[in-house]
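Visitor: Pasting a structure here, questions to come.
Read-outs: derived from the displayed coordinates by stated rules, not from any lab. In this text, all values refer to a predicted model and were calculated from it rather than measured experimentally. Cβ placement follows ideal geometry from the backbone for every residue including glycine, while neighbour counts extend to all protein chains displayed.
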Amino acid sequence: MIGNKEQYAKTSALRAFLSGEAAGGILLMAAAALAMIIANSSIAASYSHILHLIIGPELTPKLGPMTVHLWINDGLMAIFFLLVGLEIKREFVDGHLSTWADRALPMVAAAAGMIVPAIIYLAVAAGDPALQRGWAIPAATDIAFAIGVLALLGSRAPASLKLFLTTVAIVDDMGAVAIIALFYTEELNIAALITVGGIWLSMMMLNRFRVNALWPYLILAALLWYATLLSGVHATIAGVMAAFAIPFRRTLAAPDAEDSALHRLEHVLVKPVAFFIVPIFGFANAGVSFAGVNLAALIAPLPLGIAMGLFLGKQFGIFTSVWIVVKLGIAARPAHASWMQVYGVALLCGIGFTMSLFIGGLAFTGADQGDAVKIGVLMGSILSAIIGYLILRFAAPQKDIIESTI
């Protein structure tokens, strides 16, 4: 069996997830910075060569031989999405999204935080029909990066803000998964798609018959990943589908159950995803050369639309929607947090690094457009991180705010 009684008595998956994501987010920042330094150094060619090194067979004609970069983006990221799916399932069944009252604030905030950035991007890039495909790039939030920045604030950020950021990001991830499945799937292999359905139903039947051992699910999950890869749907979707089939025993917000397959798998995945998969994805995808980049390149429609969508769209969409929902009495503001602190967290949601780069790679495959996407994501994410951090660093706590002046 994976794990032990002492582990489950001491910590819950949510606490492990938050601490892992915080430290992993800081590691992600370092990995991304290292990638940019290397991409602008004398070993840039070696960096590119390693990423495009063929280390596997051709699994599907659409992708060609498997390279280091493909294994990271289509293979390792499926494990990342598996953890995302486990978090979504647990939070909706037995967590902070288990009731409609709990879901109202993060769901409205996440929806507004995806719609407004997309609108701003399209407004900036509308002049070029070829760029419209990138509308979803600024719609995503990087939970690891954002929580990593929030962790740097220590006790200055109340626990309710960390929970709010986490739940918004989880709902945001649900939207990103749906976007990838619906809008970035070009050709479908019907036979492979039927196979995907059959494998997934087999996993659900195992769940139905209360098979609690993890190994049958993991074997079927690997087959599900390969069938999804062949189907034309992005292979990472298999991670979320597999997560929904993993058995879960409710503990009513108590410490995680040792006999819950979902809890066991979640504990196993948290640290490898936070400390290896997400940083290595950042390292493989953040390396952009700034040679020849000038003001004209920075304010071109593609990078500018992404940067404005992340920086302006996220903060406006999330903060405004939270303010409206609270003022209408639909939900309460995060406990012990001032409106300025809520605004700071809304800014941190503009850090779209991992998911934005991922969606950008699906939307644009050309090298020039790929670099423009990276520049836009970096501008928007870094600006959101710095200003969000500064606001939270110096914002007064709730007791020092005269609410009537907001």
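Visitor: How are the alpha carbon pair distances in the range 66-159 distributed across 5 Å bins from zero to the largest one, expressed in percent?
Guide: With 5 Å bins starting at 0, P(r) equals 2, 11, 11, 15, 20, 19, 13, 7, 3, 0.
Visitor: Work the Kirkwood hydrodynamic radius out for the range 267-358: mean of 1/r over every pair of different alpha-carbon atoms, inverted, in Å.
Guide: 16.1 Å
Visitor: Report the convex hull volume per residue for the chain, counting only C-alpha atoms, in Å³.
Guide: Convex hull of Cα atoms, per residue: 146 Å³.
Visitor: Amide H of residue 67 versus every other amide H placed in the peptide plane: which residues, excluding those fewer than 5 positions away on the same chain, fall under 5 Å?
Guide: It is 55, by chain and number.
Visitor: Find how much the distance from residue 186 to residue 320 grows on full extension, using 0.36 nm per residue of separation minus their present alpha carbon separation; answer in nm with one decimal.
Guide: 44.8 nm
Visitor: Right, another one. Do any trypsin sites (Lys or Arg not before Pro) in the range 32-125 lie in a loop, going by DSSP, with at most 11 other beta-carbon atoms within 10 Å of their beta carbon, and if so which?
Guide: none
Visitor: Taking the Cα centre of the chain as origin, sum charge times position over the Cβ atoms of Lys and Arg (+1) and Asp and Glu (-1), and report the length of that vector in debye to the nearest 20.
Guide: Once rounded to the nearest 20, the dipole reads 800 debye.
Visitor: Between residue 296 and residue 55, what length comes free when the chain is fully extended (0.36 nm per residue of separation minus the Cα-Cα distance, one decimal in nm)?
Guide: Fully extending the segment from residue 296 to residue 55 adds 82.9 nm.
Visitor: Convex hull volume of the Cα atoms in the range 43-92, per residue, in Å³?
Guide: In the range 43-92, the Cα hull volume divided by residue count equals 94 Å³.
Visitor: Label-point separation (nm) for residue 268 and residue 69, each offset 7 Å from Cα along Cα-to-Cβ?
Guide: For residue 268 paired with residue 69, the spin-label model returns 3.2 nm.
Visitor: Hey, another quick one. Tell me, 251, 141 in order of fewest to most beta-carbon neighbours within 10 Å?
Guide: Lowest to highest Cβ neighbour count: 251, 141.
Visitor: A further question follows. Could you check the simple spin-label distance between residue 210 and residue 99, using points 7 Å along Cα→Cβ, in nm with one decimal?
Guide: 2.9 nm
Visitor: Roughly how many nanometres apart are two label points built 7 Å out from the Cα toward the Cβ at residue 62 and residue 178?
Guide: If labels sit at residue 62 and residue 178, their model points lie 2.2 nm apart.
Visitor: Ok, one more. Name the longest site-free stretch of the chain, where the excluded sites are GluC sites (Glu not before Pro) in a DSSP loop with no more than 13 other beta-carbon atoms within 10 Å.
Guide: 188-406
Visitor: Total Lys pairs in the chain closer than 19 Å by alpha-carbon, pairs eight or more apart in sequence or interchain only?
Guide: 8
Visitor: Past the 25 angstrom mark, what percentage of all C-alpha to C-alpha distances in the range 161-283 do you count?
Guide: That fraction is 32 percent.
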